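Inspection log for the structure reproduced underneath, given as structure tokens.
The values are calculated or read from the model by the stated rules, or taken from the named source; none is laboratory data. All figures in this text were calculated on a predicted structure; none of them were measured in a lab. No Cβ is skipped: glycine too gets one built from the backbone with ideal geometry, and neighbour counts run over all protein chains shown. What goes into the accessible areas is simple: the full protein's heavy atoms, side chains included, and nothing from ligands, DNA or RNA. Shrake-Rupley method; radii C 1.70, N 1.55, O 1.52, S 1.80 Å.
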Amino acid sequence: MVVNEESLLEVLSRYVSPRAAENLLRWALAQRMPTSPGEWAHLLEETLWPELRRLLPFREMPPELKALAREWRKLAASQVAEAEATETGEEELPVEAVDLEDPLARQHLAKRLARLEGVTGVVVAGKNGKEELFSGEPVPLDLAYPLLRRQGYGVFYAILEREIVALRPLAQGYIGLLAKKEANIGRLLHALRRLISLAEVSG
């Protein structure tokens, strides 16, 4: 069972019995199996909600279901933004080589990335040092870096409860961004993708 089904079942089970929630979801999925966050939101709003309203005395969609639909729509919008940035961004922003081992270069890059819309934290880490800028509580992004390097990610992002984390492994270090949840993920990822290591360029 995919995560979206589990999330939906959990919320539905607050209003009907677990068995009824499972039957209701199975009935909805039999009509059309969603393949994206946007389709899950549509299934909830256009298929499940009318049926739930018919079964129970609801005048409007309960807050938990609204929040779930909103979350999926936000995720769908960010995926579209990311795709658009990937398609058009190469022409807009040339590749930039950065020296992660130069303290001054790390400092300049961190300050520049911190000015991106929605960004609340930046880490520019080299093998022998790093520059950190956080508008609030620092987040230990170092823990995620070795995992990303082993998995071979070029750029990685995760949507957390209140924020977005995006990481770009480079040479012996990485660049990390922390941003508000409503920030444009596509722009953030493209800002990271265009950065390459000076060590890689110079060979």
#### Entry: Among the residues listed as P146, P169, the single one being part of a strand (DSSP E or B), farther than 24 Å from K74 by Cβ and at pLDDT below 90
P169
### Message
For segment 31-68: of the residues being of a type in the set (K, R) and in a helix (DSSP H, G or I), which is least open to solvent (accessible area, probe 1.4 Å)?
### Response
K66
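Take segment 90-119 and flag every residue that is of a type in the set (V, I, T) and surrounded by fewer than 19 Cβ atoms within 10 Å (Cβ to Cβ). Talk me through it step by step, then tell me what you get.
We begin by selecting, within segment 90-119, every residue of a type in the set (V, I, T); these are 95, 98, 119.
Of everything in segment 90-119, just one residue is of a type in the set (V, I, T) and surrounded by fewer than 19 Cβ atoms within 10 Å (Cβ to Cβ), namely V95.
Which residue out of I185, I175, I164 is outside the structural domain of R73 (by the TED database), at pLDDT 85 or above, of a type in the set (V, I, T) and farther than 12 Å from V139 by Cβ? Walk me through it before giving the result.
Working: I185 fails: at pLDDT 85 or above; I164 fails: farther than 12 Å from V139 by Cβ.
Result of the check over I185, I175, I164: I175.
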### Query
Which pairs do you get when a residue that is aromatic (F, W, Y), found in segment 122-143, comes within reach of a residue that is buried (at least 17 other Cβ atoms within 10 Å of the Cβ) and assigned to a strand (DSSP E or B), reach meaning Cβ atoms under 6 angstrom, with the pair 6+ apart or on two chains?
F134/G121
### Message
Which pairs turn up if I take residues in segment 169-180 that are at negative phi and look for partners that are among the aromatic types (F, W, Y) with beta carbon separation below 6 Å, at least 6 apart in sequence or on another chain?
### Response
Y174/Y145
